[in-house]
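See structure below.
The values are calculated or read from the model by the stated rules, or taken from the named source; none is laboratory data. Computed from a predicted structure; not experimentally measured. Neighbour counts are summed over all protein chains in view; Cβ atoms, including those assigned to glycine, are modelled from backbone coordinates with ideal geometry. What goes into the accessible areas is simple: the full protein's heavy atoms, side chains included, and nothing from ligands, DNA or RNA. Shrake-Rupley method; radii C 1.70, N 1.55, O 1.52, S 1.80 Å.
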Amino acid sequence: MNKIFRLLTLFTLLSFLSCNKSDDDSSNGEGNNPPKLSKIISTSASSVFTLEFNYAQNKLSEVKIPSQGKTSKIVYENDKAKEIQIYIDGKLEATTTLIYENDKLIKTDNGVNSNFFVQFSYNGDQLSKTEQFTILENGELRSDFTMDYSYDLSNNVTKRTLSNATSVSEYFYTYDNKKHHYSDFSDPVRIYFFWPEGLSANNALTSAFYINQMVNSEYSYELTYNELNFPLTSKVKNKDGETTTSIEYVYK
């Protein structure tokens with residue numbers, strides 16, 4: 001499983017979970033600027049997983065996974081995310097260039113040492129499809145998988161369909177009417193890091209996962225919110241009502 005597909009499994013869980021802020025006065029988001037997401041802490045019975053977010057000049061500049069020693073640095077050009085530099089334990093390991101058309105992110109270029117890339121398609125302003133290709137030795141392209149998105153009138157992804165050569169997986173969602181915790185991120189940055197979820201405006205309340213039309217899992221999300229309608233905490237519950245994961249979001 002390559003780097004991009006690992007992102008699929010890593011961020012799909014985190015994408016729809018919610019959050020907690022610190023007690024510091026700076027976390028309340030007072031004024032004209034929304035609170036900035038600083039940290040996501042996901043706690044289950046067996047592990048604790050943390051994502052950290054840093055900013056420069058009011059833009060997201062770094063996404064960190066401390067447990068892996070991994071830092072993704074975002075390089076901007078004319079206020080647009082241009083490169084993602086991946087550092088492991090402080091050493092630059094890879095660089096991805098983001099390619100645009102009509103101000104929309106349409107493709108990743110992972111450099112001459114990489115044999116795969118991800119392509120993004122749109123229906124108007126909405127992300128409609130994500131597809132990963134492998135570049136074969138003869139120069140031909142092989143499609144590894146596609147992700148198709150369907151939206152409701154509130155710009156939420158109600159269905160995602162992941163297809164590859166052997167299976168079709170479907171994800172169904174319902175939503176609240178509150179603000180999404182990634183809403184302060186620019187669309188290209190949000191798509192690059194969290195493309196499995198698309199660009200939903202609100203937070204998921206339920207999800208169901210099917211493989212080849214058979215139910216694999218169903219979850220509900222019990223959220224709390226701050227005074228600005230950003231999620232504070234989320235308890236992820238299985239179909240038996242048991243809490244499997246607790247999510248805390250910390251804001252600056």
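Results, tabulated for the structure shown:
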item: Residues of segment 56-80 classified as closer than 17 Å to Asp103 by Cβ and of a type in the set (Asp, Glu), total; result: 2
item: Residue match in segment 119-131 (condition: touching a strand residue (DSSP E or B) at 6+ places or on another chain (Cβ under 6 Å), over 19 Å from Glu197 (Cα atoms) and of a type in the set (Val, Ile, Thr)); result: no
item: Close pairs from segment 209-224: first touching a residue at least 24 places away in the same chain (Cβ under 8 Å), partner in a strand (DSSP E or B) and open to solvent by 80 Å² or more (accessible area, probe 1.4 Å), Cβ under 7 Å, at least 6 apart; result: Phe209/Asn216; Tyr210/Asn216
item: Check on Thr71, open to solvent by less than 30 Å² (accessible area, probe 1.4 Å), part of a strand (DSSP E or B) and over 19 Å from Asn54 (Cβ atoms); result: no
item: Residue within segment 121-136 that is at positive phi and in contact (Cβ under 8 Å) with a residue 40 or more places away in the chain present; result: no
item: Residue in segment 128-145 that is over 23 Å from Ala165 (Cα atoms), modelled with pLDDT under 95 and open to solvent by 30 Å² or more (accessible area, probe 1.4 Å) present; result: no
